[in-house]
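The values are calculated or read from the model by the stated rules, or taken from the named source; none is laboratory data. Everything numeric in this text was worked out from a predicted model, so none of it was measured. Methodologically, a virtual Cβ is constructed for each residue, glycine included, from the backbone with ideal geometry; neighbour enumeration extends over all protein chains shown. We work out accessible area using only protein heavy atoms, side chains counted, and drop any ligands, DNA or RNA first. Shrake-Rupley method; radii C 1.70, N 1.55, O 1.52, S 1.80 Å.
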Amino acid sequence: MSTLTTRTPPGPVAGGSHKTTPDRPVRRGRFNTKAALARWSLIVPAAVVIIPLLVIIVVQGFQLVTHNESLLRPGSGDVWVGWDNFVRAFQDPTLLGSIRVTLIYVVAGVAFEMVIGVGIAVLLNGRMPGKGVLRALILIPMVLTPVVAGLMWRLLLDPTSGFVNYLLGLLGLGDNHAFLSDPATALPAVIMVEIWQNTPFVIIIVLAGLEALDPSPFEAAQLDGAHGWKLLRHVTLPMLAPVLSIVLLLRIIDAVKTFALVNTMTKGGPGTSTLAISNYVYRVGFETFDIGYATTVGFLVSVAVLIILFPTATRLMGLRIRKARR
């Protein structure tokens, strides 16, 4: 039979009073100093490299946008034009058209990538035979460089010897479609290749997020009768919101910068029907050699993207930090 022992406080010492030992103070200063040093040790090396380069780029960029420098006119870099390049940019119909093309490319491409990527990730997260093989096959488009993917699809979409036209001919839909030479189909064809190549990125990230979710809310929702679409809409997607936001942000940034895929497949043509902003900057700077105006267009686009995406990125990162602290 066990006995219960209790610990009594120490008895009074001489003088009739209890002697208490003061609590040992917690050394917070040392811990905070170490944490601060750890943070700065990660920031300083990157800052030492990035900040000087950023200063050089900004100074040189200001020099170019305020001068009428052209590689075809020696000495033109000494001609001060002030804000004339900016005025020219806002009045340039080709630039406005490239902005429209880029917006269509980004909105359509990223939207389809998110919908298809999330759907496939949800399917792969369940029980299905050959899931490991499917995961490996899905990665194939993503590991190809945009140049290789563009050349491959350019051959597949060729109107005379392309496999796509051959397949459409077998289906009775015609076998001489010039997808990349028709302004009505060139941009959709490039967007289709963009979706094909970058949807695997969405699948991989969302699938990792699904596998990291706590199963308890799903079990509770299933006990309450939530299955299928209801479970996906009311449980899965809300829990995946931080992951989906980060993936969406990364895909928008990458799509806005697109260059190699468009340049390989259509070079911005036919006409300017697929001319994205990056391709227009390249055309102005390295085909007409108008360096001052090309720098101005690139500067305006960079500022616009920064203004639009920086608040969203800051909010998303703050959301993730708050969730991690909880």
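In a shell of Cβ-Cβ distance under 13 Å around ILE277, excluding ILE277 itself, what net charge do Lys and Arg (+1) and Asp and Glu (-1) give?
Within the 13 Å Cβ shell, the charges total +2.
Using only Cα atoms, find the angle between the long axis of helix 241-256 and the longest principal axis of the chain, and express it within 0 to 90 degrees, rounded to the nearest 10.
For 241-256 against the chain, the angle is about 30 degrees.
Would you mind computing, in nm to one decimal, how far apart the modelled labels at LEU168 and ALA36 are, each placed 7 Å from Cα along Cα→Cβ?
6.6
If each DSSP helix of 4+ residues adds -39,500 (n - 2.57) and the sum is divided by the residues in the chain, what number results at 222 nm, nearest 500 deg cm²/dmol?
It lands at -22000 deg cm²/dmol.
Within 15 Å, Cβ to Cβ, of LEU123, how many net charges do the neighbouring residues add up to if Lys/Arg are +1 and Asp/Glu are -1?
Details: positive: ARG127, LYS131, ARG135; negative: GLU211.
Residues close to LEU123 contribute a combined charge of +2.
Given an 8 Å cut-off on Cα distances and at least 6 residues of separation, report the relative contact order of segment 195-297 as a percent. Could the numbers behind the result be given before it?
Numbers: 52 pairs, mean separation 16.5, N = 103.
Contact order relative to length: 16 percent.
How much length, in nm to one decimal, is gained on full extension between ASP78 and ILE51, taken as 0.36 nm per residue of separation minus their Cα-Cα distance?
Working it through step by step, the gained length comes to 7.0 nm.
Per residue, how many Å² of accessible area does the chain show with a 1.4 Å probe? Before the final figure, lay out each step's value.
Details: 21470 Å² over 326 residues.
Per-residue value: 66 Å².
Compute the FRET efficiency between SER161 and ASN125 as 1/(1 + (r/R0)^6), taking r as their Cβ-Cβ distance and R0 = 51 Å, and round to the nearest 0.05.
After rounding to 0.05, the efficiency reads 0.80.
Accessible area of the chain with a 1.4 Å probe: how many percent of it is carbon plus sulfur? Kindly include the intermediate steps, with their values, before the conclusion.
Working: 14620 of 21470 Å².
C and S atoms contribute 68 percent here.
Order 88-100, 242-254, 286-298 from most to least packed using the mean count of other Cβ atoms within 10 Å. Walk me through the numbers on the way to the answer.
On the way: 88-100: 14.8, 242-254: 17.5, 286-298: 19.9.
Taking the mean over residues of other Cβ atoms within 10 Å, the ranking is 286-298, 242-254, 88-100.
What is the chain by shape, rounded, prolate or oblate, if you read a ≥ b ≥ c off the alpha carbon gyration tensor as root eigenvalues and call it rounded for a/c under 1.5, prolate for a/b larger than b/c, and oblate otherwise?
Numbers: a/c = 3.54, a/b = 1.51, b/c = 2.35.
Note, shape of the chain comes out oblate.
Could you give the dipole magnitude of segment 118-221 about its Cα centre, charging the beta-carbon of Lys and Arg +1 and that of Asp and Glu -1, in debye to the nearest 20?
Taking the Cα centre of segment 118-221 as origin, the dipole is about 220 debye.
Segment 29-96 to segment 128-184: how many Å between their Cα centroids?
Centre-to-centre distance over Cα atoms comes out at 40 Å.
Gaussian network model of the chain, Cα springs within a sub-10 Å range: biggest mean-square fluctuation belongs to which of ASP182, ASP78, ASP224?
In this elastic network of the chain, the residue with the biggest mean-square fluctuation among ASP182, ASP78, ASP224 is ASP224.
Amide H to amide H, which residues 5 or more places from HIS67 or on other chains are under 5 Å from it, using H placed in the peptide plane?
The list, which skips near neighbours in sequence, is VAL81.
Describe numerically, in nm with one decimal, the distance between label points set 7 Å from Cα along Cα→Cβ at ARG135 and at VAL87.
If labels sit at ARG135 and VAL87, their model points lie 6.0 nm apart.
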